[in-house]
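Novice: The structure follows.
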Amino acid sequence: MSTESPVLFVVASSARALAASAVRAGYRVEVVDGFCDLDTRALGPCLQAPLQGSRLDLARVRDALEARIEHHRKRGDVIAGAVAGAGLESTPEMLSWLAARLPLLGNGPEIARLLASSAGFLHVIDVLGIDHPESRLEPPAQEAASWLVKETGRDGGLGVRHWQPSMARPRGPHAFQRFMAGTPGSLLFLADGADVVPIGFNRTLVSDVSGELPFLYGGVISGLPLTAAQQERIAAWATRLTDHLGLRGLNGIDFVLGPDGRPDLLELNARPTASLSLYDAQIDGGLIAHHISACRGAVPALAAPGMKHSAGQMVLYAWRDLEISADMPWPDWVSDRPCPGVEIARGAPLCSISAAGETPEQVETLLGERSRQLVDRLEPERAVISAIEEIL
């Protein structure tokens, strides 16, 4: 048997943050994701599976995993299991396949199956008395502007649009939800099937490069200002959902904070979320280590990180078709850097930008400044035009 560190398989549409946390925890990682960017490749072997929207090509994922699992078993390596992130939660059949071959360190296919059913999840949150926007399974008769159509299982806001009576209904599972104006937020929490440890409350950013995806995920900033009562209410939802569903490991709740200060639940993400990267360095051993402990039935005695500052991460989407130059000077506040020569289509994720500051507002400002700096590096002629316009 190998004396090397245990191997952890990490499978997600974008797995870099999960893999980095796993390496901090002492694991050797095998990654399957949709990008295999420079930062992910630096962490360990990475096999790229094409993305179909926000979902991984499951046939390619299975082929890649089958070969690498067999490779490590022949070597006598200890395989700790597999962690699944975004891109798999709407595919219970893939989680079942994984669980039949490796210890699945996360929520099982039965929870994915429930969340893939609009009617099933709506029933659960109604039974648990969790506040949420008015929702229905049939198109609303009211004015279109006040309703959204939400396709189940499409993460990152890709399946959410304003409903118009002239629109064709999505072919897959979907529901209609009354649109609520307010501040979108999230809670990252750990669970062991019964107990819950809140990690942090965050504000969610949205981005719409194409003009067709008004709720596209644009990033996240820690330190969302909430009252104690608001925090307790949202954390209580996490506890009720954990107790009812048996949630394990890192999970996320998406909510909207209305103008009156009342939070309403939007989604349960039964997997580690993108906000993990905001807190990972603040937690001894990293969050994936605690995720694995919680999945094995012991939520750690972990206090939520007392962050004195705010941190944020923004996804920069390609504003036009781009080809990445081999001599691109990436700043150190950029991660998920694409490999040289990669062609990125307009509207696709280009990279992630990080920032920290005294307040969430400072962080958002700095993220915006850095995104403009990066665009100028990629488009020098555009920077010159902007400079001339400022002078004039």
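The values are calculated or read from the model by the stated rules, or taken from the named source; none is laboratory data. The structure presented is a predicted model; accordingly, all values stated were derived computationally and were not measured. Glycine also receives a Cβ, built like all others from the backbone with ideal geometry; neighbour counts cover every protein chain displayed.
Novice: Take the residues in the range 275-317 that are out of contact with any helix residue (DSSP H, G or I) (no Cβ under 9 Å at 6 or more places or on another chain) and among the aliphatic types (A, V, I, L, M); name whichever of them is surrounded by the fewest Cβ atoms within 10 Å (Cβ to Cβ).
Specialist: ALA301
Novice: Restricted to the range 215-237, and to residues that are of a type in the set (Phe, Trp, Tyr) and under 19 Å from ALA274 (Cα atoms), which residue is nearest to the chain's Cα centre (by Cα)? Please lay out each step first, then the result.
Specialist: Initially, the range 215-237 is screened for residues of a type in the set (Phe, Trp, Tyr), giving 215, 217, 237.
With the extra rule that they be under 19 Å from ALA274 (Cα atoms), the set shrinks to 215, 217.
Values: PHE215: 14, TYR217: 9 Å.
Filtering the range 215-237 for residues that are of a type in the set (Phe, Trp, Tyr) and under 19 Å from ALA274 (Cα atoms), the one nearest to the chain's Cα centre (by Cα) comes out as TYR217.
Novice: Within the range 276-290, which residues are acidic (Asp, Glu) and outside any loop (DSSP other than H, G, I, E, B)?
Specialist: Initial filter on the range 276-290 (acidic (Asp, Glu)): 280, 284.
Of everything in the range 276-290, just one residue is acidic (Asp, Glu) and outside any loop (DSSP other than H, G, I, E, B), namely ASP280.
Novice: Look through the range 223-267, keep the residues that are among the β-branched types (Val, Ile, Thr) and in contact with a strand residue (DSSP E or B) (Cβ under 6 Å, 6 or more places away or on another chain), and return whichever of them is surrounded by the fewest Cβ atoms within 10 Å (Cβ to Cβ). Please lay out each step first, then the result.
Specialist: Quick first cut of the range 223-267, residues among the β-branched types (Val, Ile, Thr) only: 227, 234, 239, 242, 253, 256.
Still in the running and in contact with a strand residue (DSSP E or B) (Cβ under 6 Å, 6 or more places away or on another chain): 234, 239, 242, 253, 256.
Values: ILE234: 23, THR239: 17, THR242: 21, ILE253: 24, VAL256: 19.
Filtering first and then ranking leaves THR239.
Novice: Being surrounded by fewer than 18 Cβ atoms within 10 Å (Cβ to Cβ) and outside the structural domain of THR183 (by TED's automatic domain parsing) is the requirement here; does ASP336 meet it? Don't jump to the end; show me each part of the working.
Specialist: On the way: surrounded by fewer than 18 Cβ atoms within 10 Å (Cβ to Cβ): no; outside the structural domain of THR183 (by TED's automatic domain parsing): yes.
No: the conditions fail for ASP336.
Novice: Condition test on ASP336, is it of a type in the set (Asp, Glu) and either at pLDDT 95 or above or touching a helix residue (DSSP H, G or I) at 6+ places or on another chain (Cβ under 6 Å) (or both)? Walk me through how you get there before you give the answer.
Specialist: On the way: of a type in the set (Asp, Glu): yes; either at pLDDT 95 or above or touching a helix residue (DSSP H, G or I) at 6+ places or on another chain (Cβ under 6 Å) (or both): yes.
So ASP336 fits the description; yes.
Novice: Answer yes if at least one residue in the range 235-246 is over 26 Å from SER146 (Cα atoms), touching a residue at least 24 places away in the same chain (Cβ under 8 Å) and in contact with a Ser or Thr (Cβ under 6 Å, 6 or more places away or on another chain), and no otherwise. Write out each step before concluding.
Specialist: Residues of the range 235-246 over 26 Å from SER146 (Cα atoms): 235-236, 238-246.
Filter again for touching a residue at least 24 places away in the same chain (Cβ under 8 Å), leaving 235, 238-246.
Then drop every residue that is not in contact with a Ser or Thr (Cβ under 6 Å, 6 or more places away or on another chain), which leaves none.
There is no residue in the range 235-246 that is over 26 Å from SER146 (Cα atoms), touching a residue at least 24 places away in the same chain (Cβ under 8 Å) and in contact with a Ser or Thr (Cβ under 6 Å, 6 or more places away or on another chain).
Novice: Tell me, yes or no, whether the range 64-79 has at least one residue that is in a strand (DSSP E or B), more than 30 Å from PRO165 (Cα to Cα), of a type in the set (A, V, I, L, M) and modelled with pLDDT of 95 or more.
Specialist: Keep residues of the range 64-79 that are in a strand (DSSP E or B), which gives 79.
Subset that is more than 30 Å from PRO165 (Cα to Cα): 79.
When the remaining residues are screened for being of a type in the set (A, V, I, L, M), the result is 79.
Adding the requirement that they be modelled with pLDDT of 95 or more leaves 79.
Yes, the conditions are met somewhere in the range 64-79.
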